[in-house]
Amino acid sequence: MSGHFKMEKISFSYDEKPLIDNFQLEFDKSDNVALLGPSGKGKSTILHLIAGFLKPKSGKIILDGQTLFDQKGIYLPPEKRSMGVVFQEHCLFPHLSVEKNIQFGYQEHQHGIQDYLDLIKLSHKANSKPDELSGGEQQRVSLARALASNPKLLLLDEPFSALDEDLRVKLREDVKNILTELKTSSIIVTHSKNEAQYFANKIIDLNDLRAND
Amino acid sequence: MKQNKFTITQFIYMVLFAGPFLFIFLNSFLSTTKEESETWNFILENTLPSLISNTFLLIFLCVMFTLVFGVIQATLTTLTNIRFKKLFHFSFIIPLAYPLYVISYIYVGMFEYGGDISTYFRNTYSLNLNQFIDIKSPLSIAIIFSMVLTPYSYLFFRNFLKRINKKQIWCARSLGFGPFETLLKVILPQAKSWMIAVSILISLEVLCDFGGVSIFNYETFTVAIYEAWMGLFSLNSAIKLSFIPLFLALIFFTLNQKLTIKYDKLEASKPFSLFHPNNVQTYLIFSIITFYTLFSLVLPLAVLLYWLSQTITVDFFLSTLPYLWDSLLLGTVSGLFIALISLFYLYKDRFIGGVKSMTNFLKLGYALPGTIVAISLMGILSIFNINYFGSIAYFILVLALAIRFFAPVFDLQNNSYKMINKKIDWASTSLGASRLKTFWKVHFPILRPAIVSSFLLGFLEIIKEMPITMILRPHNVNTLSTKIYELTSEGEWEQTSLFALCLFVFGSLSLYSVMKKDENL
């Protein structure tokens, strides 16, 4: 069944020159999507438009039948979109412990905070502050924090780019396993074809804007 | 040999700058004559408890108000997309050009029983404003002081907010937190060390103020020290009283030094808007800003201009010129002196090293109330029986001002100097240039804007300064600030307007130049 998420004719520009022009995207609840392309093609911008951090100039965005944006005036702010976001930089709240970071946006559901700590294998560091963790650990906490808010859609903005090769491969496997276990649909932004193929069953190559199932 | 020369110079500076601190410490524990002991016991029993409570209450209230005002202002100019942000930014900073004593006597002159506004309300509406407003209460004093001190906290928070990671805010938003909750739960908790740093700065400013509190007849340590010396003629009691604020200043200063290391590491990020106010909210924000600016900037200026219109004559105008000249001369001479000393230490730090603890020590002077710096220097002179007149007196005055204002001048230059990559030095020396040539031909041109800004900052502080100038000036030196003190002591508010306006204009121009370089206004 199609229609879990739909982006229709989305356009966006920072200045006169359009960066995103009539972009379309549609996928099911079971899909994991990858936006693939080199820097400057607008991959991250598309993710920011979906999350509500940026406002499109025109078009329509729908998630689970709810309109998040349309050019007639509907604009749901980020806090009301039920989306989890993981950035390339860890963006953990430095004043909060690992546990408090995960608890920050926690929405009551079948998994508790401890489940997420177990899932990312950091129960023993629940009380540590972000600056006491390694890069990979910080990124796992970021992921757990995003998932603990029970999002309808998880957005991953080049989540492994800042890590070295070994750690990247290891974390990629961990994240894939976690997403499969929790059955959360996701969009990942990446410039690596390998990463896109590893993660996604649907790849959007922004070089030719052609969807490959 | 070169190293020895520096050591000797360092020793001379050490003696000159450290003298006041050592003098206070040593004299606080020395025995005194019977008469002086009696004076000290009288102060100890009757004045000291209220001095402590008055000082701490005023510090507490000022810190609270400036934190609240500063956070709100910084949020409006950095995290919203309202229009005229640059104008608001400037209007939030300019009150810094009012010396505390000027804004204090303007408000006393407006709201005391015989003041212009109180009289107007009594005569026109038969309304006694003084039933509702006690202008000399600690709360009123704190609000008035906060209007002039808030620019410090505003600039601190603005700097902090400019360094907040935009994506961290986006994460909080996507986790279900609205803009206001994000501000309270994510942004402000991270500002803890900045809040402590600005609280220390405000505490020091209040602790060091003499002119403002003396206008309200509000007894804090600085007023009591001055009165002990000038009123009770007991230099010894004044020195003993100085021990407590000196001790407090040392604690504040040490805390501040520790904090500086942390926030130096943060870098500014691109500006972004967390709040997108709708039309109604925008009108509300504009109203609040207008209301605040009215009381912190426009009304005081309007009152000064009104008083000026009541008093100005050609003779009166001409009579202010000598005061203006003395102020400008003192500001220029002392400002240059401090800027050069600071540059000397930066040069030495860059090429030779070993001056970090020395400069940290010299910066301590900024934490000391002017009255303490002045009386300790007077005390030292009295020990050595040095005749205090003419050029010696002028040099001592400049030295005292240098002790007091070395820190802000040095910090401004140092921040720019740190940005010059060390590899530039290596490139220059590898091309055969000596250290001095590298400094003069490479560093100096890059540092020039910072040197000018630091001079202007020192100049601004010095022309506003009151207690050091008042106590240490030679008899033939009369500055704008000392004249204002003389006139306000006699309640001649209107007569001060031209002197105060001169200070405000020079202060605003200096501030504008410094801010323009800093912010590209």
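What follows is calculated from the coordinates using simple rules that are stated; it is not laboratory data. Nothing here was measured: the structure is a model prediction, and the numbers come from that model. Please note: Cβ atoms are built from the backbone with ideal geometry, for glycine as well, and neighbour counts cover all protein chains shown.
By the scheme Lys and Arg +1, Asp and Glu -1, what is the net charge of all other residues having a beta-carbon under 10 Å from that of A:Lys29?
Summing Lys/Arg as +1 and Asp/Glu as -1 gives -1.
Can you flag which of B:Lys363/B:Lys516; A:Lys129/B:Lys348; B:Lys136/B:Lys516 are past 31 Å Cα-Cα?
A:Lys129/B:Lys348; B:Lys136/B:Lys516
Under the rule of -39500 (n - 2.57) per DSSP H run of 4 or more residues, summed and divided by the residues of chain B, what mean residue ellipticity at 222 nm is obtained, to the nearest 500 deg cm²/dmol?
After summing the helix terms and dividing by residue count, I get -24500 deg cm²/dmol.
With a ≥ b ≥ c the root eigenvalues of the C-alpha gyration tensor of region A:63-176, is it rounded (a/c under 1.5), prolate (a/b larger than b/c) or oblate?
Here region A:63-176 falls in the prolate category.
Need one number: nm distance between label points at B:Leu299 and A:Lys57, each 7 Å from Cα along Cα→Cβ, rounded to one decimal.
Distance between label points: 4.8 nm.
Please identify the helices of chain B, taking whole runs of DSSP H, that span at least 27 Å along their own axis as judged from the Cα atoms and have a mean Kyte-Doolittle score of -1.0 or higher.
What comes out of the filter, once short or polar helices are dropped, is B:2-28, B:48-78, B:138-162, B:235-264, B:314-351, B:390-418, B:444-464, B:497-519.
What is the helix-to-structure angle for A:135-148, meaning the angle in degrees between its Cα long axis and the longest Cα principal axis of chain A, kept from 0 to 90 and rounded to the nearest 10?
Once rounded, one gets 70 degrees.
Here is the link list: B:Lys166/B:Lys422; A:Lys6/A:Lys41; A:Lys152/B:Lys166. Which ones come out longer than 25 Å on Cα distance?
B:Lys166/B:Lys422
Please rank B:Phe156, B:Phe210, B:Phe344, B:Phe506, fewest neighbouring Cβ atoms within 10 Å first, as an exposure proxy.
Ranked by crowding around the Cβ, least crowded first: B:Phe344, B:Phe506, B:Phe156, B:Phe210.
When we measure straight from the Cα of B:Lys185, which aspartates and glutamates land under 18 angstrom away, once same-chain ones fewer than 8 places off are left out?
By straight Cα distance, B:Lys185 reaches A:Glu79, A:Glu99.
Over all residues in A:91-102, what is the mean tally of Cβ atoms on other chains that come within 10 Å of each residue's Cβ?
3
B:Ile446 versus B:Ser391, label points 7 Å from Cα toward the beta carbon: distance in nm?
Each label point lies 7 Å from its Cα, and together they span 3.8 nm.
Express in nm, to one decimal, how much length is gained between B:Glu486 and B:Leu431 on full extension, taking 0.36 nm for each residue of separation and deducting their alpha carbon distance.
13.9 nm
Specify the longest stretch of chain A that does not include any exposed loop site, a site being one of the GluC sites (Glu not before Pro) with a non-H, G, I, E, B DSSP assignment and at most 13 other Cβ atoms within 10 Å.
A:109-213
Assuming a ≥ b ≥ c are the square roots of the Cα gyration tensor eigenvalues, decide whether region B:290-421 counts as rounded (a/c under 1.5), prolate (otherwise, with a/b larger than b/c) or oblate.
In terms of gyration-tensor shape, oblate.
Contour minus end-to-end for B:Phe243 and B:Ser357, with contour as 0.36 nm per residue of separation and end-to-end as the Cα-Cα distance?
38.8 nm
Calculate the mean, over all residues of peptide B:163-171, of how many other protein chain Cβ atoms lie within 10 angstrom of the residue's Cβ.
6
Between B:Lys136 and A:Asn201, how high is the FRET efficiency from 1/(1 + (r/R0)^6) when r is the Cβ-Cβ distance and R₀ = 56 Å? Nearest 0.05.
The value I calculate is 0.15.
When the C-alpha atoms of region B:366-520 are aligned to their principal axes, what extent does each axis show, in angstrom, from largest down?
64, 44, 25
Report the one residue of B:Leu343, B:Ile471, B:Leu241 whose Cα lies farthest in the direction of the positive end of the charge dipole of chain B (charges on C-beta: Lys and Arg +1, Asp and Glu -1; origin at the Cα centre).
Working it through, the farthest residue towards the positive pole turns out to be B:Leu343.
Taking other Cβ within 10 Å of each residue's Cβ, how do B:Phe247, B:Phe406 sort, fewest first?
Least to most surrounded, the residues fall as B:Phe247, B:Phe406.
Once the other residues with Cβ under 12 Å from the Cβ of B:Asp326 are scored (Lys, Arg +1; Asp, Glu -1), what is the net sum?
Result for the neighbourhood of B:Asp326: +2.
Put +1 on the Cβ of each Lys and Arg and -1 on the Cβ of each Asp and Glu in region A:5-212; which of A:Ser82, A:Gly105, A:Ile61 then has its Cα farthest toward the positive end of the dipole?
About the Cα centre, the residue reaching furthest to the positive side is A:Ile61.
Translational D (Stokes-Einstein, µm²/s) of region A:5-212 at 37 °C and 0.692 mPa s when Rh comes from the Kirkwood sum over C-alpha pairs?
Roughly 187 µm²/s, to the nearest whole number.
I'd like the distance separating the alpha-carbon centroids of region A:67-102 and region B:367-386, in whole Å.
So the separation of the two Cα centres works out to 59 Å.
Would you mind calculating the gained length between B:Ser287 and B:Lys86 on full extension (0.36 nm times residue separation, minus the Cα-Cα distance), in nm to one decimal?
Roughly 70.7 nm would be gained on extension.
With springs only between Cα atoms under 10 Å, which of A:Leu35, A:Leu179, A:Leu167 fluctuates most in a Gaussian network model of chain A?
Looking only at A:Leu35, A:Leu179, A:Leu167, the largest GNM fluctuation is found for A:Leu167.
Spin-label point model (7 Å from Cα, Cβ direction): what's the B:Ile312 to A:Asp164 distance in nm?
7.1
Which whole-number percentage describes the relative contact order of chain B, with Cα contacts under 8 Å and a sequence gap of 6 or more?
The value is 21 percent.
Grab the beta carbon distance between A:Gln107 and B:Phe180, set R0 = 22 Å, and tell me the FRET efficiency rounded to 0.05.
Efficiency for this residue pair is about 0.65.
Counting only trypsin sites (Lys or Arg not before Pro) that sit in a DSSP loop (anything but H, G, I, E, B) with at most 10 other Cβ atoms within 10 Å, what is the longest stretch of chain B containing none of them?
B:266-521
Identify the residues of region A:149-173 with backbone N under 17 Å of a label point that sits 7 angstrom from the Cα of A:Glu181 along the Cα-to-Cβ direction, or state none.
Residues passing the 17 Å test: A:149-151, A:170-173.
For region B:138-242, just run the numbers: alpha carbon Rg, then divide by 2.2 N^0.38 Å, N being how many residues it has.
1.59
What's the exposure ranking of A:Thr180, B:Thr371, B:Thr80, going from fewest to most Cβ atoms within 10 Å?
Least crowded to most crowded, the residues run A:Thr180, B:Thr80, B:Thr371.
Could you give the radius of gyration (one decimal) and Dmax (whole number) of the Cα atoms in chain B, in Å?
24.2, 82
Work out the mean other chain Cβ neighbour count within 10 Å for the residues of B:181-193 and drop it here as an integer.
2
Return the percentage of antiparallel bridges among DSSP beta bridges fully within region A:5-212, rounded to the nearest 5 %.
The antiparallel proportion sits near 55 percent.
Return the FRET efficiency for the residue pair B:Leu328, B:Lys34: r is the Cβ-Cβ distance, R0 is 60 Å, and the value is rounded to the nearest 0.05.
Step by step, r from the Cβ atoms, then E = 0.80.
In cubic angstrom, how much convex hull volume per residue do the alpha carbon atoms of the protein assembly as shown span?
228
Could you tell me which of rounded, prolate or oblate describes region A:1-124, using a ≥ b ≥ c as the square roots of the eigenvalues of the alpha-carbon gyration tensor, with rounded for a/c under 1.5 and, failing that, prolate when a/b is larger than b/c and oblate otherwise?
prolate
Which longest run of chain A has no exposed loop site in it, a site being trypsin sites (Lys or Arg not before Pro) in a DSSP loop with at most 15 other beta carbons within 10 Å, and the site itself not part of the run?
That would be A:122-182.
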